[in-house]
Amino acid sequence: MSAPLPFLPFTRPTIDDETIAGVAEVLRSGWITSGPQVKAFEAKLSEYCGGRPVRAFNSGTCTMEIALRIAGVGPGHEVITTPLSWVATSNVVLDVGARPVFVDIDPVTRNLDLGRVEAAITPATKAIIPVDLSGLPVDRDRLHALARKHNLRVVEDAAQSFGSLWQGQRIGAFGDFVSFSFHANKNITTIEGGCLVLNNEAEVRLAEQYRLQGVVRTGHDGMDVELVGGKFNLTDVAARVGLGQLPHLAAFTARRHELARVYFAALQAAGAAALGLRLPVADFTHSNWHMFQVVLPEERLTLKRAEVMARLHAAGIGTGVHYPAIHLFALYRRLGWKEGDFPHAEYAGRNILTLPLFPAMTSADVTRVVAALTGLLRDHPKS
Ligand SMILES: Cc1ncc(COP(=O)(O)O)c(C=O)c1O
């Protein structure tokens, strides 16, 4: 009898020995919080983003909150966003005292449906937060044309799209504010962390103030505080992890593309479409393939998503849910949203399933996942 296969998680970071040794060096250096490694990481990120100013933070969430604050978004204002994202995307709007205005997704891309945005704009609208779910970029040409036409700021929630492109340009290298996350599951990681791409030196100064208690230093001993900032600085230990990840970005993305192609081929061979499974857009031009997500056909399947996940788990396969529809969380229901408001996001929220995809996976892992999943679909049809 052959030994059981090791458990396949839905994602796993790849951190090389050179980075691990580099982290040990930082730990021995005597300077472990924000310092030279953060500065070096910011310089590399800025280079990646075509020379735009970039500042690093201890999460992707706070970068969006800070971008909204810099843009002057607050009480009485509205911010348009998608209901199918990590709840951080809309929580930051509530954090600054503004109101999120959700617009349903396009069920094919699973991103904010830009065709519905204009109808949601009111005199109170100040900004749009689009999300590149699974790394598939929102159409940046349409997005920025809309923003220009209505004089809105854009805070790109590019948490999942570091390494993605739009018409040959890197996400982050153009646009307005761009927020990236380097959480452990992202395509490159600092364990926890993020960065914000800014437009000019005035915004950089504000971002630095919001990052650390509003403090401004001058000379050897000068210190002043002009606004209420938080505690959002990245550590040098984390920045060293990020510096060790960046050189691998291109190879990580290429490997994700290869594995995504294996998914499409295996799903096609297994007749996934005939089983009603909805596949992601087969984009190999723009996406960084942060995740490979399918949507289960609830009208054709006797198993609920939780049962599918449990059975896959029992077969040694990890899956994830990214994400339940935000407007149906208790907090958001209390604020007035309800079932039926955004049918496409709700359907995806109930049925979307993230399959394993990370650079260290093999093609055999992919075919194992596809066989297990399509087997479940085939064995549990609604009659
Ligand atoms: C779409 C999206 N937005 C925002 C975030 C927040 O990033 P962080 O976890 O770094 O705060 C994440 C990360 O999970 C995300 O996936």
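Observations, loosely collected:
- Any hit, region 328-340, residues being at pLDDT 95 or above, open to solvent by less than 30 Å² (accessible area, probe 1.4 Å) and of a type in the set (D, E): no
- Within region 73-88, residues that are of a type outside the set (A, V, I, L, M, F, W, C) sit with their Cβ atoms under 7 Å from residues that are away from the ligand (no atom under 16 Å from the Cβ) and in a strand (DSSP E or B), at 6+ positions apart or across chains, in these pairs: H77/K126; E78/R99; E78/V101; E78/T125; E78/K126.
- Considering region 275-372, there are no qualifying helices (runs of 4 or more DSSP H) wholly inside with 2 or more residues that are under 30 Å from H248 (Cβ atoms) and touching a strand residue (DSSP E or B) at 6+ places or on another chain (Cβ under 8 Å).
- Looking across region 293-318, the residues that are open to solvent by less than 20 Å² (accessible area, probe 1.4 Å) and either aromatic (F, W, Y) or over 19 Å from P381 (Cβ atoms) (or both) come down to Q293, G316, I317, G318.
- Considered as a group, the residues in region 110-135 that are within 16 Å of the ligand (Cβ to nearest atom) and in a strand (DSSP E or B) include one that is surrounded by the most Cβ atoms within 10 Å (Cβ to Cβ), and that residue is L112.
- Number of the exception - S34 against (1) crowded, with 18+ Cβ neighbours inside 10 Å; (2) within 16 Å of the ligand (Cβ to nearest atom): (2)
- Residues of region 37-72 satisfying the condition of being of a type in the set (A, V, I, L, M) and either within 16 Å of the ligand (Cβ to nearest atom) or in contact (Cβ under 8 Å) with a residue 12 or more places away in the chain (or both): V38, A40, L45, V54, A56, M64, I66, A67, L68, I70, A71
- No other residue among G229, G168 is open to solvent by less than 20 Å² (accessible area, probe 1.4 Å), more than 13 Å from the ligand (Cβ to nearest atom) and more than 18 Å from K44 (Cα to Cα) apart from G229.
Every residue, every condition in (1) among the β-branched types (V, I, T); (2) buried (at least 22 other Cβ atoms within 10 Å of the Cβ); (3) away from the ligand (no atom under 16 Å from the Cβ), yes or no:
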residue	(1), (2), (3)
P83	no, yes, no
V93	yes, yes, no
V101	yes, no, yes
P137	no, yes, no
R153	no, no, yes
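- Positions within region 188-206 being within 16 Å of the ligand (Cβ to nearest atom) and either open to solvent by 10 Å² or more (accessible area, probe 1.4 Å) or of a type in the set (A, V, I, L, M, F, W, C) (or both), in sequence order: I188, I191, E192, C195, L196, V197
- For region 232-268, filtered to residues that are under 17 Å from S287 (Cβ atoms) and among the hydroxyl-bearing types (S, T, Y), the residue that is least open to solvent (accessible area, probe 1.4 Å) is Y263.
- Failed item, numbered, when L68 is tested on (1) more than 22 Å from P324 (Cα to Cα); (2) surrounded by fewer than 18 Cβ atoms within 10 Å (Cβ to Cβ); (3) not basic (K, R): (2)
The values are calculated or read from the model by the stated rules, or taken from the named source; none is laboratory data. All figures in this text were calculated on a predicted structure; none of them were measured in a lab. With ideal geometry, Cβ positions are generated from the backbone for all residues, glycine too; neighbour counts draw on all protein chains shown. Ligands, DNA and RNA are excluded from the accessible area calculation, which covers all protein heavy atoms including side chains. Shrake-Rupley method; radii C 1.70, N 1.55, O 1.52, S 1.80 Å.
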